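> Please read through the structure below; I'll follow up with questions.
Throughout, read-outs are computed from the coordinates displayed, never taken from laboratory work. Everything quoted here is computed from the prediction, not taken from an experiment. Positions of Cβ are backbone-derived with ideal geometry, glycine not excepted, and every protein chain shown enters the neighbour counts.
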Amino acid sequence: ADADGFREDVLELVRELNMPVMRYPGGNFVSGYHWEDGVGPRDQRPVRLDFAWQVTETNQFGTNEFITWCRKAGTAPMLAVNLGTRGPAQAREYLEYCNHPGGTAWSDLRRRHGYPEPHNVRLWCLGNEMDGPWQLGHKTAEEYGRVAAETARIMKQFDPTLELVVCGSSHRGMPTFGSWEWTVLDHAFEHVDYLSLHTYYGKGKEGTPGYLGWPDHMDRFIEEATACADAVAAKRRSARRIHLSFDE
C-alpha cells in the first residue's frame, strides 16, 4: 500500500484500463448509506450495519478517500446520492460538502477535514436500482420519478452544468422495463442528462457460445432504452436527448 493506504498493484492495473469514470458508493449499498459517516477523522467514524448485504460497514473508506483514489487512478469520480432511505435534502448537503468552495457549514466541514479545494464532482447518480423490490426504500416509478426530479432540480440550482443520472430498470428482464423508463423520464426529463442501464453477463448454462452471444442482448437493451427516452422527448416535441449511462 502507498501512504494513503491504497494498493499500488491495483492502482497500476486500473490505470491500464484507462477508465473514464468510477462510481461510488455503488450498488444496493447506496440506498442505506449516510455519506456523513465516511468523512472526518477515521477514529471517529461510526461502524454501521449495512442492511443491503448484512455486513458491517466500518466507514474507514469514504468520500474524500475515494476522490483521492480517483486522482491517483486517473479516473473521474461519479458520486451517488441515497434516494432510498434519504432524499433531496441530504443530496443537497452532500453536493455542498463536495463542490462548494467554502464559507458555509458543509463546505467548511470539508476544509476542516483537510480538503481546502472543492472536489468539483461533475457526474452524480440519483440513487440506485430504485425499481428493485430488494432495494432499501424501493419506490414505484411515480414515486421515484417525483423524488428524482425534485433532487435534480435542487442540484441544478446549485450548478446547472452538473450531469445527472436517473435510474433506469435494474435489468432488461424486470417486469416493469420500459414502462419504468417512460414514467421516470416523464417526471425528470428536463432535469437529468443520463438514464442508467444495469446488467451482468456470465457464462451460465449456455456455455461459451451463449456467452459470446450476449452482445446481441446488450444491443437490444440499448436500443429499447433509447426508444423509451426518445419517446418521452417526442411527447414533448423536444430536440433534447437523454444519454445512456451503462454504469453497472
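> Compute the angle between helix 63-73 and the longest alpha-carbon principal axis of the chain, please, reported from 0 to 90 degrees and rounded to the nearest 10.
The angle comes out near 80 degrees.
> While we're looking at this one, here's another question. Dimensions of region 1-44 along principal axes (Cα, Å, largest first)?
Principal extents (largest minus smallest coordinate, Cα): 32, 26, 13 Å.
> Given N residues in region 142-248, what is its alpha carbon radius of gyration divided by 2.2 N^0.38 Å?
In units of the globular-protein estimate, region 142-248 measures up at 1.18.
> Distance from a point 7 Å along Cα→Cβ of Lys203 to each backbone N in region 210-248: keep the residues under 16 Å and list them by number.
Zone members listed by number: 210-214.
> Which net charge results for the neighbourhood of Arg122, defined as the other residues with beta-carbon distances under 12 angstrom from its beta-carbon, given Lys and Arg at +1 and Asp and Glu at -1?
-3
> If you don't mind, there's one more thing I want to ask. Starting from the Kirkwood radius over alpha-carbon pairs of region 1-138, derive D by Stokes-Einstein at 4 °C in a medium of 1.567 mPa s and give it in µm² s⁻¹.
On the way: Rh = 15.8 Å.
Value of D from the Cα-based Kirkwood radius: 82 µm²/s.
> While we're on this one: Using the Cα gyration tensor of region 19-82, with a ≥ b ≥ c the square roots of its eigenvalues, what is the shape: rounded (a/c below 1.5), prolate (a/b larger than b/c) or oblate (neither)?
Oblate is the answer for region 19-82, as a/c is 1.5 or above yet b/c matches or exceeds a/b.
> Amide H of Ala80 versus every other amide H placed in the peptide plane: which residues, excluding those fewer than 5 positions away on the same chain, fall under 5 Å?
So Ala80 has HN proximity to Tyr24, Cys125.
> Indicate, rounded to the nearest 5 percent, the antiparallel portion of the DSSP beta bridges found entirely in the chain. Intermediate values should be presented prior to the final figure.
Numbers: 3 of 21 bridges.
Rounded to the nearest five, the antiparallel share is 15 percent.
> Under a 5 Å amide H to amide H cut-off, with H placed in plane at 1.01 Å, what residues pair with Phe246 once short-range neighbours are removed?
Leu197
> Which residue fluctuates most in the GNM of the chain (Cα springs below 10 Å): Asp159, Asp219, Asp37?
Comparing Asp159, Asp219, Asp37 in a Gaussian network model of the chain, the most mobile one is Asp219.
> Pull up the cross-link candidates among the lysines for Lys235, meaning alpha carbon to alpha carbon under 29 Å and not fewer than 8 places away within one chain.
Lys139, Lys156
> While we're looking at this one, here's another question. Suppose the chain between Arg237 and Thr176 were pulled fully straight at 0.36 nm per residue; how much longer would it get relative to their current alpha carbon spacing?
19.5 nm
> Let me make sure I get this right: for region 79-174, a, b and c are the square roots of the gyration tensor eigenvalues over alpha carbons, sorted descending. Under 1.5 in a/c it's rounded, otherwise prolate if a/b > b/c, else oblate. Which is it?
prolate
> Over the chain, with a Gaussian network built from C-alpha contacts below 10 Å, which listed residue (Leu185, Leu109, Leu197) shows the highest mean-square fluctuation?
For the chain, modelled as a Gaussian network with Cα springs under 10 Å, the answer is Leu109.
> What angle, in degrees between 0 and 90 and rounded to the nearest 10, separates the Cα long axis of helix 8-17 from the longest principal axis of the Cα atoms of the chain?
30 degrees
> On to the next question. Could you give the radius of gyration (one decimal) and Dmax (whole number) of the Cα atoms in the chain, in Å?
Rg and Dmax of the chain, Cα atoms, are 18.7, 59 Å.
> Taking the Cα-to-Cβ direction at Leu244 and at Asn120 and moving 7 Å from each Cα, how far apart do the two end points lie in nm?
3.1 nm
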